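The structure appears below as structure tokens.
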Amino acid sequence: MRLCYVLLVALFTITIACEAPQEEALDTSILETVVKKIDTSLVKKKLTKEETIGLGKPIWGYRFVLLGDFNGDHIQDTLVERHVNAKTKQETNKFFENLDIMAYQGGKIEDHEFYSYMVSNTLKDTFPFTSDLGVAYAETIGDIDGDGADEIGVVEFHADYSSVNTYRIYTYKDTWKLYYSFEIRDWEFPDLPEHNIRYGLFGAMGKVVVHDVDQNKALEEAIKNYQRVKIVAPNTIEYAAFDVGDCAMNYIYQAYEDSILWVVPEFPIKDKRIVSVWTEYEYYAADELEQIKTGKELLEICDPASLFRQRVQFKPAPNTHWVQ
């Protein structure tokens, strides 16, 4: 899938989203303090006249900053989104005012070649799993598997017309590794300040460039209040996702707390790390629900366009991240 605001304060995790200022250099701020520890080259590069001809005004674009204990050493780590000019190795703008989203495909626009990633001031490994335009959304989830280290969630910012995307959860075990993923839609997430792609049910509908400071602050606030994945019990997360049913698989009813109907796969889950997956399925009438609950009949879930709530329980981590 920006001024500094504290998004979330918890016992062990804090999430901060930052907006790069509009001046030539970064203001003295939380973001500047954090980034200087990571890379002193993070300053705005003024584009030459030749680089901006036909491209319109450069737009810096939002940068995500995540805080948490990602390696389990009881010391807060920082993960900063970077969008870097391939030639100068300096931070640069993500967008140009006049360009269509597809113009950014491949990470190169005429002489403006760039790449995106996330980097930490305490972790030895760079987070490479972004995209040409960086991150559309990111959050610190917390310690899912009980190993003492926080997991993060990331949605890539793709240069395409489709609204179909993937929410990916990553864990840090000496290097960043994919932990779990599920399908989402780009239009579900808060708009980004400054420059945002407007998505509809069937893909990208256009773009929105925001110059108003108060409006960008409101967008920051929306990001602050949004949390897609929550830890609801030990080793258990909850989220809403698309295409959660496997058309080739049967499901059975299983009671689970407060839902109309929770179902689980009939056969064991292939992923050995997962204990069970509950899916809240609501497309039954009252008399059908009663019959399902008493008869234990096999069910089919095959609605790829529908959004359902899921709870996934993972096995506890076999070891910890503790740094020696």
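The values are calculated or read from the model by the stated rules, or taken from the named source; none is laboratory data. This is a predicted model, so every value here is computed, not measured. All Cβ positions, even for glycine, are placed from backbone atoms using ideal geometry, and neighbour counts span all protein chains on display. Heavy atoms of the whole protein, side chains included, go into the accessibility calculation; ligands, DNA and RNA do not. Shrake-Rupley method; radii C 1.70, N 1.55, O 1.52, S 1.80 Å.
Condition first: open to solvent by 10 Å² or more (accessible area, probe 1.4 Å) and more than 15 Å from residue 160 (Cα to Cα). Now tell me which residues in the stretch 94-108 satisfy that.
97, 98
Given the conditions (1) surrounded by fewer than 23 Cβ atoms within 10 Å (Cβ to Cβ); (2) in a strand (DSSP E or B); (3) of a type in the set (S, T, N, Q), which single one is not true for residue 140?
(1)
For the stretch 145-204, give me each residue that is over 23 Å from residue 309 (Cβ atoms), open to solvent by 20 Å² or more (accessible area, probe 1.4 Å) and hydrophobic (A, V, I, L, M, F, W, C).
202, 204, listed by residue number.
Give the residue that is modelled with the highest pLDDT, with candidates limited to residues of the stretch 61-108 that are more than 17 Å from residue 121 (Cα to Cα) and aromatic (Phe, Trp, Tyr).
Checked the stretch 61-108; the qualifying residue modelled with the highest pLDDT is 62.
Can you tell me which of (1) over 18 Å from residue 229 (Cβ atoms); (2) out of contact with any His (no Cβ under 9 Å at 6 or more places or on another chain); (3) at pLDDT 90 or above is the one residue 145 doesn't meet?
That leaves (1) as the condition not met.
Hey, which of the strands (runs of 3 or more DSSP E) in the stretch 221-324, taking only ones fully inside, have at least 3 residues that are at pLDDT 80 or above and not hydrophobic (A, V, I, L, M, F, W, C)?
So the answer is 236-242, 274-280, 307-314.
Out of all the residues in the stretch 35-60, which are within 15 Å of residue 121 (Cα to Cα) and either at pLDDT 90 or above or not in a helix (DSSP H, G or I) (or both)? Can you show your working first?
We begin by selecting, within the stretch 35-60, every residue within 15 Å of residue 121 (Cα to Cα); these are 35-42.
Correct list: 39, 40, 41, 42.
Output the residue which, of all residues in the stretch 119-137 that are assigned to a strand (DSSP E or B) and aliphatic (A, V, I, L, M), is most open to solvent (accessible area, probe 1.4 Å). Spell out how you get there, then give the answer.
Step one: filter the stretch 119-137 for residues assigned to a strand (DSSP E or B), giving 119-120, 127, 135-137.
Now restrict to residues that are aliphatic (A, V, I, L, M): 119, 135-136.
Working: 119: 24, 135: 1, 136: 7 Å².
Once the filter is applied, the top-ranked residue is 119.
Suppose we keep only residues that are at pLDDT below 85 and open to solvent by 40 Å² or more (accessible area, probe 1.4 Å) within the stretch 109-118. Which one would you say is nearest to residue 208 (Cα to Cα)?
First pass over the stretch 109-118, keeping only residues at pLDDT below 85: 109-112.
Among the residues that remain, those that are also open to solvent by 40 Å² or more (accessible area, probe 1.4 Å) are: 110-111.
On the way: 110: 23, 111: 24 Å.
Only one residue fits best here, namely 110.
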